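This report concerns only the one structure given below.
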Amino acid sequence: MSGTSSPEAVKKLLENMQGDLRGLSLECRKKFPPVKEAAESGIIKVKTIAARNTDILAALKENSSEVVQPFLMGCGTKEPKITQLCLAAIQRLMSHEVVSEAAAGNIINMLWQLMENSLEELKLLQTVLVLLTTNTVVHDEALSKAIVLCFRLHFTKDNITNNTAAATVRQVVTVVFERVVAEDERYKDIIEQPVAVQGNSNRRSVSTLKPCAKDAYMLFQDLCQLVNADAPYWLVGMTEMTRTFGLELLESVLNDFPQVFLQHQEFSFLLKERVCPLVIKLFSPNIKFRQGSSTSSSPAPVEKPYFPICMRLLRVVSVLIKQFYSLLVTECEIFLSLLVKFLDADKPQWLRAVAVESIHRLCVQPQLLRSFCQSYDMKQHSTKVFRDIVNALGSFIQSLFLVPSTGNTSVTPNQTGKAFFSVCLQESTLLYC
């Protein structure tokens, strides 16, 4: 904030605010007299604050609900030119961090109304991002409403708005978890007695978290809910959500912020009780499907694997094993066994290929491979995971070079298999080392 709190920056802000209010008054003088009067009162308010306070930014923040009111009224006119002027002015205030929690809540409510009327959608996304990245005054219901706004704009029919909203959602999710990291850093020297999570209630444990961690917990929990096609607890107002996009967000959070899940018992609980069961459930079509098998005699047809979901699921699995193996030893045993099954000859070729890719991500970490041996293969009554992976890779490599000849049972070299050989050879070499 140092760059925005210098005397020159403050003077420039005051000039811009008064200019914005004069422009708003001019635009509304004929059609919207109440807005014109509010803008003129706002000019007097800004001048009074500047004249009576030495810390102008603090005074502006304290009175921000009154300061932004003319601009909120201007947005309420739903006139494109006026709305654009007001949103630009609000963004300027937010970038100088002179918006209070109450004012931020009013701004989000106004943005929601504009979203429902399909007005200035790109500006709305820009305003939400500025609001959430320049300060931490938005929490709880106001934050969830801002996130839902971005999600809903992601599912509009306009491709530009759709793609911009998707990028905004990713940034906002990252910001929410970055706040947790910063919050943990602030409280790192304070020793707290951990509170055990009671029972199976996923909502009871929220009370043990600090504000930023609580927001992140509720967001991550609802991402799991939405991917599972269940109603969210916190993101009230969500109308639709694609499973592929949800899995991408889960993967991003798990990969970028593993320390949050390892340091907070409540987040560890979410991994064990929500993420792992969800992944196993979504893998079900991939486990049951057999390529070339007839389903006519089966009373219930087997659902075919869906490449976009399967690919993202395997990425999530790779992150879970790499980042949280020590926390999810039993669950990782299940995931590794699934990877082995996906290399079976009766699985679709693309499924076998993405399974090899997932194994490759694990093979580049020798310490992780040693952990597999110690936790599974070297224990008497445990699944021989390491052995099964090596055997499955060997069978997979052999199958790439042999294909049935047309009209007889002999086999001929498969030229396309050579494209996979070098990668697969690396896999098995790394495993044996």
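The values are calculated or read from the model by the stated rules, or taken from the named source; none is laboratory data. Treat the numbers as computed from the prediction; the structure is a model and nothing was measured. Cβ: placed from backbone, ideal geometry, glycine included. Neighbour counts: every protein chain shown. These accessible areas exclude ligands, DNA and RNA; they are computed on the full protein's heavy atoms, side chains included. Shrake-Rupley method; radii C 1.70, N 1.55, O 1.52, S 1.80 Å.
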field: Scope the range 359-402; condition in contact (Cβ under 8 Å) with a residue 12 or more places away in the chain and outside any helix (DSSP H, G or I); matching residues
entry: Val364, Gln365, Ser382, Thr383, Phe401, Leu402
- line: Filter the range 207-225 for residues that are open to solvent by 20 Å² or more (accessible area, probe 1.4 Å) and part of a helix (DSSP H, G or I); the one that is modelled with the lowest pLDDT is Ser207
message: Given the criterion exposed (fewer than 14 other Cβ atoms within 10 Å of the Cβ) and within 29 Å of Phe257 (Cβ to Cβ), identify the matching residue among Arg370, Arg361.
response: Arg370
message: more than 15 Å from Leu313 (Cα to Cα), of a type in the set (Gly, Ala, Ser) and open to solvent by less than 50 Å² (accessible area, probe 1.4 Å): is that true of Ser375 in this structure?
response: yes
field: Residue under evaluation Gln349, criteria (1) of a type outside the set (D, E, K, R); (2) open to solvent by 40 Å² or more (accessible area, probe 1.4 Å); (3) under 27 Å from Val260 (Cβ atoms), criterion not met
entry: (3)
query: So which of Val137, Val99, Val148, Val128 is buried (at least 17 other Cβ atoms within 10 Å of the Cβ), touching a residue at least 12 places away in the same chain (Cβ under 8 Å) and in contact with a Phe, Trp or Tyr (Cβ under 9 Å, 6 or more places away or on another chain)?
result: Val148
message: Yes or no: the range 134-141 includes at least one residue that is hydroxyl-bearing (Ser, Thr, Tyr) and part of a helix (DSSP H, G or I).
response: yes
Residue count for the range 44-83, restricted to those that are open to solvent by 20 Å² or more (accessible area, probe 1.4 Å), part of a helix (DSSP H, G or I) and within 24 Å of Ser6 (Cβ to Cβ): 10
query: Looking at (1) under 21 Å from Asn16 (Cα atoms); (2) modelled with pLDDT under 95; (3) in contact with a helix residue (DSSP H, G or I) (Cβ under 6 Å, 6 or more places away or on another chain), can you tell me which one Leu72 breaks?
result: (2)
message: So the check is Cβ under 7 Å with 6+ separation or different chains; which pairs have a first residue in the range 240-266 that's touching a residue at least 24 places away in the same chain (Cβ under 8 Å) and surrounded by fewer than 18 Cβ atoms within 10 Å (Cβ to Cβ) and a second one that's outside any helix (DSSP H, G or I) and among the aliphatic types (A, V, I, L, M)?
response: Leu262/Leu327; Gln265/Val197
statement: Considering residues that are under 41 Å from the mean Cα position of the chain (by Cα) and free of Cβ contacts under 8 Å to residues at least 24 places away in the same chain, the number found within the range 37-47 is 1
query: Has the range 291-309 got any residue that is at pLDDT 85 or above, surrounded by 15 or more Cβ atoms within 10 Å (Cβ to Cβ) and within 25 Å of the chain's Cα centre (by Cα)?
result: yes
field: Set Ser118, Ser95, Ser64: member being closer than 22 Å to Lys36 by Cβ, at pLDDT below 95 and of a type in the set (S, T, N, Q)
entry: Ser64
